[in-house]
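Student: Before we start, here is the structure in question, set down as structure tokens.
Coordinate-derived values only; no laboratory data. Note that the structure is a prediction, hence the values are computed from the model and not measured. FYI the Cβ positions are ideal-geometry reconstructions off the backbone, even for glycines, and counts take in every protein chain you see.
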């Protein structure tokens, strides 16, 4: 059964950056955007790479290198894209329409959610996935905070399929409850569930 790591560049990947391979061991490593700058030592080890932004945007985007398309081509792996890109030899079409028709929704914000959608689609088509790991997909900074609801939505779809979500994929699940009237409810319920499980085991 497949295991996949979706590797972003957020804070939860920073402390693992130097030895990130250790945290991706036994998985297909899926990268995105200009993550090749964060992980130059993964060159030749990406299973898939994703550049899902439209071409007009990419033409003016400062990727941090002289030519983003040359950098993508240099990765020597399949690059999934929504529109044809120049220079990149190994391109795969990311068929957003097909995924949306399959899931019955076009709700997706951000590249990581789209990548997760694809993994789940392939799982449903028989290429079974047992685990999806992520590092650096934190949706915590102002530029990416809007994407958290979508990331959470697709995580729930993975969990519904019995796919384990590991790494820091669900780190935000343990965030502090801001609603004072609900504070402690989650912990109390969890304790009751654990007590019930223990009772049934005895």
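Student: Using a basic spin-label model with each label point 7 Å from the Cα along Cα→Cβ, how many nm lie between residue 106 and residue 143?
Tutor: In this crude label model, residue 106 to residue 143 measures out at 2.6 nm.
Student: Provide the packing ranking of 30-37, 86-93, i.e. peptides ordered by the mean count of other C-beta atoms within 10 Å per residue, highest first.
Tutor: The peptides rank, most packed first, as 30-37, 86-93.
Student: For the chain, set up a Gaussian network in which alpha carbons nearer than 10 Å are linked by springs, and say which option among 48, 133, 161 fluctuates the most.
Tutor: Result for the chain, Cα springs under 10 Å: 161 fluctuates most.
Student: Here's another thing I want to ask about it. Note the full-extension length gain between residue 98 and residue 183 as 0.36 nm times their separation in residues minus their Cα-Cα distance, in nm to one decimal.
Tutor: Between residue 98 and residue 183, full extension yields an extra 26.5 nm.
Student: Still on this structure, I have one more. Rounded to the nearest 5, what is the percent of antiparallel bridges among the DSSP beta bridges in the chain?
Tutor: 0 percent
Student: Suppose the chain between residue 171 and residue 37 were pulled fully straight at 0.36 nm per residue; how much longer would it get relative to their current alpha carbon spacing?
Tutor: Answer, rounded to one decimal: 45.8 nm.
Student: A follow-up question, please. Using helices alone, what [θ] at 222 nm do you get for the chain, with -39,500 (n - 2.57) per DSSP H run of 4 or more residues, divided over all residues and rounded to the nearest 500?
Tutor: -10500 deg cm²/dmol
Student: Using only Cα atoms, tell me the angle between helix 148-160 and the longest principal axis of the chain; keep it within 0 to 90° and round to the nearest 10.
Tutor: Value to nearest ten degrees: 70.
Student: Can you give me the angle between helix 185-201 and the longest principal axis of the chain, using Cα atoms only, in degrees from 0 to 90, rounded to the nearest 10?
Tutor: Between helix and principal axis, roughly 70 degrees.
Student: Next question, about the same structure. Under 8 Å for C-alpha pairs, at least 6 residues apart: give me the relative contact order for the chain, rounded to a whole percent.
Tutor: That works out to 22 percent.
Student: First measure r as the distance between the Cβ atoms of residue 1 and residue 65, then evaluate 1/(1 + (r/R0)^6) with R0 = 45 Å and state the FRET efficiency to the nearest 0.05.
Tutor: Taking R0 as 45 Å, the efficiency between residue 1 and residue 65 is 0.80.
Student: Give the separation of the Cα centroids, segment 20-56 to segment 83-125, in Å.
Tutor: Their Cα centres are 16 Å away from one another.
Student: Something else now. So how far apart, in nm, are the two label points at residue 45 and residue 14 if each is 7 Å from Cα heading toward Cβ?
Tutor: Result for the modelled spin labels: 2.2 nm.
Student: Build a GNM of the chain with springs between Cα atoms under 10 Å: which of 181, 162, 104 gets the top mean-square fluctuation?
Tutor: Highest fluctuation of the listed residues: 181.
Student: While we're looking at this one, here's another question. What's the ranking of 71-83, 116-128, 54-66 by average number of surrounding C-beta atoms within 10 Å, highest first? Before the final figure, lay out each step's value.
Tutor: Details: 71-83: 18.6, 116-128: 16.9, 54-66: 11.0.
Ranking, from highest mean packing down: 71-83, 116-128, 54-66.
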